[in-house]
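Colleague: First the structure, then my questions, so here it is.
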Amino acid sequence: MTSDPEPERVVSAGRDIAATAERLFELIADPAQQPRWDGNDNLVEAITAQRVSAIGDVFTMTTTNGVRENHVFEFEEGRRIAWRTAELGQAPPGHLWRWELEPIDSLHTRVTHTYDWTQLTDPKRIPRARATTADKLRASIDRLATLAEHE
């Protein structure tokens, strides 16, 4: 009897984009922009004026599964941002979305998008976590690139 192998609990994708880290970071750190580049087709909308600026910030997002709070756990302006999602008023169940930006030169940036569910505690979320593949992360990066390079 064989079983399916356990999926990777840290999934990443990356690519180089012809845009500055500052331009890309603005699209990522402003929740109102996130539905425009979401490769999971999960984000519906966020109210404006929630631009993330520090660890501890919380922004809300309407998803296809309801309203979620996003608790910022990592933040370095223009370089790195990571948050954990949670149902309204609840503690985050342990999965983390991270974006890292590394300037290559004055006009290009290496972008890495990571989904880490090593600390996920909610068994109801595990099927969705397993379905979050590098291809879906790459789709977000590709959409982000299109916005940053052509607007």
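The values are calculated or read from the model by the stated rules, or taken from the named source; none is laboratory data. Model, not experiment: these values are computed from the prediction. Reconstructed Cβ throughout: ideal geometry from the backbone, glycine too, with neighbour counts over all protein chains shown. With ligands, DNA and RNA removed, areas are computed over all heavy atoms of the protein, side chains included. Shrake-Rupley method; radii C 1.70, N 1.55, O 1.52, S 1.80 Å.
Colleague: If you place +1 on the Cβ of every Lys and Arg, -1 on the Cβ of every Asp and Glu, and leave all else neutral, what size is the dipole of region 61-151 about its Cα centre, to the nearest 20 Debye?
Modeller: 500 debye
Colleague: With only alpha-carbon pairs counted, each pair once and no self-pairs, how large is the Kirkwood hydrodynamic radius of the chain in angstroms?
Modeller: 15.8 Å
Colleague: Then there's this: Which value results when the Cα radius of gyration for region 58-99 is divided by 2.2 N^0.38 Å?
Modeller: So the Cα radius of gyration is 1.15 times the expected 2.2 N^0.38 Å.
Colleague: Calculate how large, on average over all directions, the projected area of the Cα convex hull of region 20-61 is; give the answer in nm² to one decimal.
Modeller: 3.2 nm²
Colleague: Taking 8 Å as the Cα distance limit and 6 or more residues as the minimum spacing, I'd like the relative contact order of region 76-151 as a percentage.
Modeller: So the answer I get is 22 percent.
Colleague: When the dipole is taken about the Cα centre of region 26-83, and only Lys, Arg (+1) and Asp, Glu (-1) are charged at their Cβ, what size is it in debye, to the nearest 20?
Modeller: Dipole about the Cα centre, nearest 20: 20 debye.
Colleague: For Cα pairs less than 8 Å apart in space and 6+ apart in sequence, what is the mean separation divided by the residue count of the chain, i.e. the relative contact order in percent?
Modeller: 30 percent.
Colleague: Can you give the log10 of the normalised intensity I(q)/I(0) at q = 0.12, 0.13 Å⁻¹, computed with Debye over equal Cα scatterers of region 1-73?
Modeller: These q points yield log10 I(q)/I(0) values of -0.45, -0.51.
Colleague: I would also like to ask the following. Could you work out the pair-distance distribution P(r) of region 69-151 from its alpha-carbon pairs, with 10 angstrom bin width and percents rounded to whole numbers?
Modeller: 16, 43, 30, 10, 1
Colleague: Here's a follow-up. Give me the net charge of Glu87's neighbourhood, meaning all other residues with Cβ under 15 Å from the Cβ of Glu87; Lys, Arg count +1, Asp, Glu -1.
Modeller: Result for the neighbourhood of Glu87: +3.
Colleague: For Val58, what charge total do you get from the other residues with a beta carbon under 11 Å from its beta carbon, if Lys and Arg give +1 and Asp and Glu give -1?
Modeller: Combined, the nearby Lys, Arg, Asp and Glu give 0.
Colleague: Compute the long axis of helix 134-150 from its Cα atoms, compare it with the longest principal axis of the Cα atoms of the chain, and write down the angle in degrees, 0 to 90, nearest 10.
Modeller: Helix 134-150 sits roughly 20 degrees off the main axis of the chain.
Colleague: What is the percent carbon and sulfur in the accessible area of the chain, measuring with a 1.4 Å probe over the protein chains and ignoring ligands?
Modeller: Carbon-and-sulfur percentage of accessible area, whole number: 49.
Colleague: What order, most packed first, do the peptides 38-45, 119-126 have when packing is the mean number of other Cβ atoms within 10 Å of each residue?
Modeller: Highest mean packing first, the order is 38-45, 119-126.
Colleague: Can you give the local net charge around Asn42? Use residues other than it whose beta-carbon is closer than 14 angstrom to its beta-carbon, Lys and Arg +1, Asp and Glu -1.
Modeller: Neighbourhood net charge equals +3.
Colleague: How many nm is it between the label spots at Thr146 and Leu88, if each spot is 7 Å from the Cα in line with the beta carbon?
Modeller: Computed distance between label sites Thr146 and Leu88 equals 3.1 nm.
Colleague: Normalised by the number of residues in region 9-71, what is the relative contact order in percent for Cα pairs under 8 Å and 6+ residues apart?
Modeller: About 23 percent, as a whole number.
Colleague: Tell me the per residue accessible area of region 50-142 using a 1.4 Å probe; a whole number in Å² is fine.
Modeller: Per residue, region 50-142 has 50 Å² of solvent-accessible surface.
Colleague: Multiply the residue separation of Gln119 and Asp105 by 0.36 nm, subtract the distance between their alpha-carbon atoms, and state the gained length in nm to one decimal.
Modeller: Extending this stretch completely gives an extra 1.5 nm.
Colleague: Mean projection of the alpha-carbon convex hull of region 105-151 over all orientations, in nm²?
Modeller: 4.5 nm²
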